[in-house]
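Reviewing the structure listed below.
The values are calculated or read from the model by the stated rules, or taken from the named source; none is laboratory data. Because the structure is predicted, anything quoted here is derived from the model rather than measured. Reconstructed Cβ throughout: ideal geometry from the backbone, glycine too, with neighbour counts over all protein chains shown.
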Amino acid sequence: MASRMGDKVLLVVAEEGDELVAWALNLIGGDTLFGHLWGRLPEAYYPSLHFEACYYQAIEAAIELNLSKVEVDAQGEHKIHRGYLAVTTYSCHYILDEGFRQAIQDFLVHETTQVKLVMKLLNDSGPFKDGTHEHEGIDA
């Protein structure tokens, strides 16, 4: 990956002594840092290590690299109080089975309304004062 993507890959590592204990893989595209693929050794538990490696280091790197956005993984209301507001994410799938495709499409019509409502509630109760943020992620 590094040979093909070069400086578009950001790997954050955590070490104890000489041993690698955790890591977070991020990719850079345009003006955005996208993350993260997280891993750690099962016996390596440190409170807050996940947020340090995956979120705080991503924000710091985005600032240093003059990127305008950090897009971390989807889901997780627990990230709100750490400075990440709810943002809409998208995916593209093609479902071969017509019946299953229709069932998913019907579900998404109803789910979209609910997600928009929850996002508004979460962002309105977020950690930023009115007018100091866009309701679309965190500016680095």
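General observations
- Complete set of residues in segment 1-31 that are closer than 17 Å to Asn66 by Cα and touching a helix residue (DSSP H, G or I) at 6+ places or on another chain (Cβ under 8 Å): Val9, Leu10, Asn26, Leu27, Ile28, Gly29
- Matching option when the condition is exposed (fewer than 15 other Cβ atoms within 10 Å of the Cβ) and touching a residue at least 24 places away in the same chain (Cβ under 8 Å), among Ile59, Ile63, Ile95, Ile104: Ile63
- Every condition in (1) over 30 Å from Leu121 (Cα atoms); (2) surrounded by 12 or more Cβ atoms within 10 Å (Cβ to Cβ); (3) out of contact with any Leu (no Cβ under 9 Å at 6 or more places or on another chain) is met by Thr88 except one, and the failing one is (1).
- Screening Trp23 against (1) closer than 23 Å to Tyr90 by Cβ; (2) in contact with a Gly (Cβ under 6 Å, 6 or more places away or on another chain) leaves a single unmet condition, (1).
- Residue in segment 80-102 that is touching a Phe, Trp or Tyr at 6+ places or on another chain (Cβ under 7 Å), modelled with pLDDT under 90 and of a type in the set (Lys, Arg) present: yes
- Scanning segment 10-51 for residues being at pLDDT below 90 and not hydrophobic (A, V, I, L, M, F, W, C) gives a total of 11.
- Pick from segment 1-31, criterion crowded, with 17+ Cβ neighbours inside 10 Å and of a type in the set (Val, Ile, Thr), ranking: farthest from the chain's Cα centre (by Cα): Val21
- Residues located in segment 87-103, provided they are more than 21 Å from Gln114 (Cβ to Cβ) and not hydrophobic (A, V, I, L, M, F, W, C): Tyr94, Asp97, Glu98, Gly99
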